[in-house]
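Step one of this worksheet: look at the structure below.
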Amino acid sequence: MSDQLWKRIKEARTAAKLTQQAVADAFGIDRVAVSLWESSSDARRTRPDIGRLRELAKITGVKMEWLLGADGDPIGSTHLVSRDETDPAYVRFPLLEGYAGMGPGTFISDYPEVVKDLRVSREWVSQKMPGIPHDVIRVITGRGDSMRGQYNDGDLIFVDTRVKSFDQDSAYCFRWAGRVQVKRLQLIKPGIVRILSKNPDYESIDAEVEEIEIGGRAIAAWTLREF
């Protein structure tokens, strides 16, 4: 493995316009761990294992062999996220700040603001979200394990923001009791919905529809396991 691996990791990350925190969030690790991958100090530097290197190559859109020290073009032939803003094979979606809880929920004062654009393969979008206008979709990172099996910790969740009220049993991104969550809502009786988790370790909660502020319907997720 190349002694210049740390330089390649840093170069790939910065070229992809990702912060160390964004990479850390994708792996579910602390930002310090990523900073140690990129450390110029031999005494402090650590190396990610081969599995994480493979995922890192896919996140940043570079060839695995280039990351490991090979010469030539770093850009992989197939990757989900484009670094070229003009590439017609990709669709741009706003990636929101912070994350939505898939556990007890995440407390934030309001819905997150857009912090960057995520450019996603048009082919993937057509397969996962057919017929939905691209300009109504927002992306947010899911955290927690309550929806495990449908949406997993660290997944990027695509939300159809046209949906602003409960209209059917489905998974939604919503704010309730000051916490932004991604969970399933099920109508129990007029005016009352049940907040459901996929993970049986979490109990369901009944709430009044008027208390829930829906930001959109969760329609798809991008996970590292899809690569």
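The values are calculated or read from the model by the stated rules, or taken from the named source; none is laboratory data. Here the structure is a predicted model, which means the values were calculated and not measured. Counting neighbours? That spans all protein chains shown, and the Cβs are built from the backbone with ideal geometry, glycine included.
Remarks
- Considering Arg184, Arg179, the condition of being over 20 Å from Leu96 (Cα atoms) and within 20 Å of the chain's Cα centre (by Cα) is satisfied by Arg184 alone.
- Unmet criterion (only one of (1) more than 12 Å from the chain's Cα centre (by Cα); (2) at pLDDT below 80) for Pro133: (2)
- Looking only at the stretch 23-47, residues that are under 15 Å from the mean Cα position of the chain (by Cα) and either touching a residue at least 60 places away in the same chain (Cβ under 8 Å) or in a loop (DSSP other than H, G, I, E, B) (or both) come to 5 in all.
- Flag if Lys17 is under 25 Å from Leu118 (Cα atoms), modelled with pLDDT under 85, in contact with a Phe, Trp or Tyr (Cβ under 6 Å, 6 or more places away or on another chain) and not assigned by TED's automatic domain parsing to the domain that holds Asp145: no
- Residue that is part of a strand (DSSP E or B) and either on the phi > 0 side of the Ramachandran plot or at pLDDT 85 or above (or both), where the choices are Arg138, Arg162: Arg138
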